[in-house]
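A short write-up of the structure that comes next.
What follows is calculated from the coordinates using simple rules that are stated; it is not laboratory data. Keep in mind that this is a model prediction, so the values were computed, not measured.
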Amino acid sequence: MATINVRQGSEGPSHDPYGYTEIEFISTDGEIECIIHSGLAEWIKIKVSQEMTYKIEDYKFGTNAQIFEQVCGISPHDAEKVDQRRRSRCRKCGSKQGEWTNGYPGESFLICVRCGNHMDYSFNESAII
Ligand SMILES: [Zn+2]
């Protein structure tokens, strides 16, 4: 199973922050490492084994998302969904049932219905702007 990590944050000047999403993909054998960043800046970083390098040369066209998909075999969108599915399981009791509740404006928490553990957190900046 490949490793997928999704990071979300903000970048740009502090008075005008811009949200970004960064998806990191590491193949099962560790031969492919790919990070796609989309926000204020758009970039993609690909690290592959020596044997893979020549193949990657063919991929240098299309959008970052298309390159990501060709290299990793999964689109950034699907990678994000895989990550969300994994995180939507309670780390304490393994329950898949969570309920979203609101915190401060723009904040949402996914709370495990079985044990009350925080399963996930989301922040919607547009709610406060
Ligand atoms: Zn739980």
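Some points to look at:
- Solvent-free Debye calculation, one equal scatterer per alpha-carbon of region 1-50: log10 I(q)/I(0) at 0.16, 0.31 Å⁻¹ equals -0.51, -1.09.
- Lysine pair count for the chain (Cα-Cα distance under 26 Å; residues 8 or more apart in sequence or on different chains): 9.
- Over the chain - Rg/Rh using Cα atoms and the Kirkwood inverse-distance radius: 1.05
- Rounded, prolate or oblate (a/c below 1.5 giving rounded, otherwise prolate when a/b exceeds b/c) for region 82-122 by Cα gyration tensor: oblate
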